[in-house]
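The values are calculated or read from the model by the stated rules, or taken from the named source; none is laboratory data. Fair warning: this is a prediction, and the values are worked out from it, not measured in the lab. For neighbour counting, all protein chains shown are included, and Cβ atoms are generated from backbone atoms with ideal geometry for every residue, glycine included. Keep in mind that these areas ignore ligands, DNA and RNA; they rest on the heavy atoms of the full protein, side chains included. Shrake-Rupley method; radii C 1.70, N 1.55, O 1.52, S 1.80 Å.
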4 protein chains.
Amino acid sequence: MQKKILKSDILKEVIKERPSHSNKTNYGRILLICGSKPFGGAAIMATKSVVNTGAGLVTLASDPINRTAMLSTIPEAMFADYYDRKNLSNMTKKADVILIGSGLEDSDFSEELIQETFSILTANQFLVIDGTALSMIGKRHLRIPQKPTSVLTPHQGEWERMTGLKVSEQTADANFLEMQKIGADYLILKSNASEIYAQKNPDQYNQLTIGGPFQAVGGMGDTLAGIVAGFLGQFRHDPFLTIQAAAYLHSWIAKQLSKQNYIALPTRISDQIPSAMRQITLASEQNN
Amino acid sequence: MQKKILKSDILKEVIKERPSHSNKTNYGRILLICGSKPFGGAAIMATKSVVNTGAGLVTLASDPINRTAMLSTIPEAMFADYYDRKNLSNMTKKADVILIGSGLEDSDFSEELIQETFSILTANQFLVIDGTALSMIGKRHLRIPQKPTSVLTPHQGEWERMTGLKVSEQTADANFLEMQKIGADYLILKSNASEIYAQKNPDQYNQLTIGGPFQAVGGMGDTLAGIVAGFLGQFRHDPFLTIQAAAYLHSWIAKQLSKQNYIALPTRISDQIPSAMRQITLASEQNN
Amino acid sequence: MQKKILKSDILKEVIKERPSHSNKTNYGRILLICGSKPFGGAAIMATKSVVNTGAGLVTLASDPINRTAMLSTIPEAMFADYYDRKNLSNMTKKADVILIGSGLEDSDFSEELIQETFSILTANQFLVIDGTALSMIGKRHLRIPQKPTSVLTPHQGEWERMTGLKVSEQTADANFLEMQKIGADYLILKSNASEIYAQKNPDQYNQLTIGGPFQAVGGMGDTLAGIVAGFLGQFRHDPFLTIQAAAYLHSWIAKQLSKQNYIALPTRISDQIPSAMRQITLASEQNN
Amino acid sequence: MQKKILKSDILKEVIKERPSHSNKTNYGRILLICGSKPFGGAAIMATKSVVNTGAGLVTLASDPINRTAMLSTIPEAMFADYYDRKNLSNMTKKADVILIGSGLEDSDFSEELIQETFSILTANQFLVIDGTALSMIGKRHLRIPQKPTSVLTPHQGEWERMTGLKVSEQTADANFLEMQKIGADYLILKSNASEIYAQKNPDQYNQLTIGGPFQAVGGMGDTLAGIVAGFLGQFRHDPFLTIQAAAYLHSWIAKQLSKQNYIALPTRISDQIPSAMRQITLASEQNN
């Protein structure tokens, strides 16, 4: 497989000025199924970054213990109790993009949530699988649904738990092969030099070289997952390009922050999303 | 009907420097009846923007599950449990402006709240009806009360659910006719080019052309409804002008934000209200 | 009585650079007994401004329903459940300054709290009475305790409810007389031109002329009460000067904010306290 | 014992740019056991500063009443209910650094928590003991565990309660002797001129002279304890230097803030940690 280094032009290719005749329903209905009792922060950070990308309608389905903190942090999002399974099932059917797994704990209940979500999804939906949901797929032998367009966002450790591939064995060819076996459409394999694969693209994968150790803090992945979901709700033309842009934007903002900060805190990255996206469309305008 | 494009001078016409001898009771007692369990954020955003306009005394009556998030976000407002109906009824009687509907879910309980509120209101009060309350009026055949001065703030979809008029049928004449039938005093019909109607004004309506797709995110309408309610509490001379200025200010701030941001987040619009209003009075001062 | 207009030099007279050998116990143990169920925001705003003045140890005793919002907003403060009367009584005895009344509702329970607090206080303590506690003193014929140094912070309406004096009757002489009858040591009578009286000073009172209608919003008084309490914890040399400086600082910050903002939101005033106080000591340094 | 005054070069010696090939697990798993019911703010402030140093994985184990406020303030951290003792024990075993005591109340339950934590810890772990846990060690005759590397962070009053040494008796020699008796590895004795001792270093101690009375506010110590814990998770080469740098950074930021602020609020110090740390690595870069 050939490696292509991602450049900043991917941002311009994907992030376009919005058509003036549009409303929030044009920018995606995003449902996050995230955040068990001990990991509410992950769900909140993912939700915050979905909202900040400009997604149209955003709902976090989570343990109700996380409701007030989410509302306090990001009132733009709606909240659903994920124990109300009937409501969750209805919301899942209506969503354009489902992000599942950020801050879910490994439990039988989480497995039920994942299984039921997987069983409902249809061909026009996007499914982003993050965090513990990925490890659980490996450990509990869950099968990724084939109808929706699926994106996996594991870090190297989660990829190992999913596939059995040790970090040293995670070569491009091996990663691609595993993705094929699993039946996922896209893979963002997070590391110091994250790699992005598409099942439809067996000859080439992308690598992100602008990340850095200022991103090595808790919550970074949840924030990325949220950007991916938010982008898929809005920029649906070519999902492979879209997730490349999402991953690039995430590290690009982090890199900017790192000029003045030892670490790039996830919530601060999130706060910068609207202005960073605007920088891209502004640059496009000026070039025209 | 003739269309008049709203210009920025509407802001100066309405937003005046406060007389120096005044206290908070001069700037309106605003009651929001908003925010069912899943939609607390809508209630919080509406409350935040009421407070930020400078309204004198602001209370959110809501599901108690939303109390802590509201207090954390906007301690300037008071909170009431809307299940305490006797207290709610007392507060409703004392309020100058009632905003009902942002983040209310479609339920029998919501209908009871709406009906009771409608039955209490008297001639010196303003009633702003937003969100699901509008759809419910259509669906459940509720009648808008005639005693208070009423303002409806539907987006095109809600207007359709209220009136049966499809978006393509929502011409100025048809809109005006429906408003008359419903018996509302004012109508802000939100879209890419929002229109503002007054029942007393059959010859002319206003159009807002400064909005943009950077406003196409969840929570935008709740924030507008809050500005409308806050303005009616303070600028009571000519309600038609007042709601024009409220709608104009909302989009004007959003447009300013959009120069540096891909989207104008509702909570960030809200934060800018005090400085935007000050820009107006400052410009008036300098012209004198 | 002679009227003296307060000037900015009162700030320099009171706000002094801290001696380098000092610790938090030198800056006062402040206890707020504030915030019934519907008015938690008032308690939070008062607490926030106590902390922002630099008071040493700050505890809010309130309805436990307000705990999480206070912690989310101002983690520097501690929280106590005011239904735990034994603990409250212990804390009351140890406090240097007690602020009671901001956001208390008029109820028998509030009366019990007030009465018990009043009965405990001793000669070395300061007692600031704000909000509904003031109206209740009038309505329920409560007696202000004579052992602690007491400061009342009513607005004109509360002063009327306390004393029976209508706003038009609130002349300096009448105000002073009522203060004497009530047995309060100091009185800050809030209005467009707030007045400050000391029982020990029958010949003169102070007037604050820098306030403005940008302060006519809910929460303004709670923020002032917090500054008064915070200042009494730190600047104990001459309480009359101290409360003058507190009131002056409050309006001075509001006036600064009003240059760029239509209204001066209470929480934003609070945020500016540390920098405004620093401006004073900086100016003093530069003059020496 | 000889006294060495700490200089800013300690910051450069410890705070190094991160190696590019690293992930969050390289920056420490930090467990805070902090925050009883009335003192949740202390726990939140400590957690916030741990996260802001860039620690890899941060969990606050606390009274569940503090969960929502922590999540609202610092979603980057995880939360555990400290009454779930089995889970707490598992987390304790896995942590690299344990910070215990900030905002713990003096109670039998707190003693149980402290005792069990002390009994579990092993040689490769760091233990930071702060706040009431220190007073309780003295009062309840608890023994500091010898296996982990221990750091005590008392202020002079807590040190007195631990050791019986009155403030006037807290000479360097006496302090060192007591530290030896207690069996602690490191001691940060907080005062206007904090002192830092290492048991392995009987000839010399360090003194911090850049602090000031702008730090004399509640929450200051909790914030320092968090920085110490966060630094030990990342900079493990020489713990003595590491804690010196942590204490120096804390006062250095406070001093910067004090130029524009009468007091340095703990949460504002915390917010500045990432940029202050970056200033150090930036200066190092420019010198090379």
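Quick one: is residue C:31 part of a strand (DSSP E or B) and open to solvent by less than 10 Å² (accessible area, probe 1.4 Å)? In short, yes. Looking only at segment B:235-279, residues that are more than 14 Å from chain A (Cβ to nearest Cβ), open to solvent by 10 Å² or more (accessible area, probe 1.4 Å) and aliphatic (A, V, I, L, M) come to 1 in all. Do we find a residue being open to solvent by less than 40 Å² (accessible area, probe 1.4 Å), within 12 Å of another protein chain (Cβ to nearest Cβ), in contact (Cβ under 8 Å) with a residue 60 or more places away in the chain and closer than 18 Å to residue A:126 by Cβ anywhere in segment A:18-28? Yes: one or more hits. Against the test of being of a type in the set (A, V, I, L, M), in contact with a helix residue (DSSP H, G or I) (Cβ under 9 Å, 6 or more places away or on another chain) and closer than 26 Å to residue C:48 by Cα, the options B:33, B:15, B:44, B:10 yield a single qualifying residue, B:44. The condition of being touching a Leu at 6+ places or on another chain (Cβ under 9 Å) and either within 9 Å of another protein chain (Cβ to nearest Cβ) or closer than 23 Å to residue C:140 by Cα (or both) holds for residue C:88. Considering C:229, C:254, the condition of being within 23 Å of residue C:163 (Cβ to Cβ) and of a type in the set (A, V, I, L, M, F, W, C) is satisfied by C:229 alone. Restricting attention to segment A:248-288, the residues being among the aromatic types (Phe, Trp, Tyr) and part of a helix (DSSP H, G or I) number 2. Can we say residue A:284 is in contact with a helix residue (DSSP H, G or I) (Cβ under 6 Å, 6 or more places away or on another chain), open to solvent by 10 Å² or more (accessible area, probe 1.4 Å), within 11 Å of another protein chain (Cβ to nearest Cβ) and touching a residue at least 24 places away in the same chain (Cβ under 8 Å)? For residue A:284, the condition - in contact with a helix residue (DSSP H, G or I) (Cβ under 6 Å, 6 or more places away or on another chain), open to solvent by 10 Å² or more (accessible area, probe 1.4 Å), within 11 Å of another protein chain (Cβ to nearest Cβ) and touching a residue at least 24 places away in the same chain (Cβ under 8 Å) - is not met.
Checking each residue in segment A:194-214 for being of a type in the set (A, V, I, L, M, F, W, C) and closer than 19 Å to residue A:262 by Cα picks out A:210, A:214. From the list D:135, D:168, the one residue that fits, being touching a helix residue (DSSP H, G or I) at 6+ places or on another chain (Cβ under 9 Å) and hydroxyl-bearing (Ser, Thr, Tyr), is D:135. Given the structure, is residue D:5 at pLDDT 95 or above, in contact with a strand residue (DSSP E or B) (Cβ under 7 Å, 6 or more places away or on another chain) and open to solvent by 10 Å² or more (accessible area, probe 1.4 Å)? Judged against the criteria, residue D:5 is a match.
Whenever a residue of segment A:121-148 is surrounded by fewer than 19 Cβ atoms within 10 Å (Cβ to Cβ), its partners that are among the charged types (D, E, K, R), lying with C-beta atoms within less than 6 angstrom and at least six residues away or across chains, give the pairs A:122/A:147; A:123/A:147; A:138/A:161; A:140/A:111.
Against the condition more than 18 Å from the chain's Cα centre (by Cα) and within 14 Å of chain D (Cβ to nearest Cβ), how does residue A:66 come out, does it pass? Taking the combined requirement at face value, the residue satisfies it.
Of the residues examined, residue A:60 is one that is within 14 Å of chain D (Cβ to nearest Cβ) and either of a type outside the set (Lys, Arg) or more than 30 Å from residue B:271 (Cβ to Cβ) (or both). Listed by position, the strands (runs of 3 or more DSSP E) contained in segment D:34-116 that have at least 1 residues being open to solvent by 10 Å² or more (accessible area, probe 1.4 Å) and under 26 Å from residue B:72 (Cβ atoms) are D:57-62, D:78-81. The residues in segment D:168-194 that are closer than 21 Å to residue D:248 by Cα and basic (Lys, Arg) can be counted, and the count is 1. In this structure, is residue A:132 hydroxyl-bearing (Ser, Thr, Tyr) and within 14 Å of chain D (Cβ to nearest Cβ)? Yes; evaluated as a whole, the condition is true for this residue.
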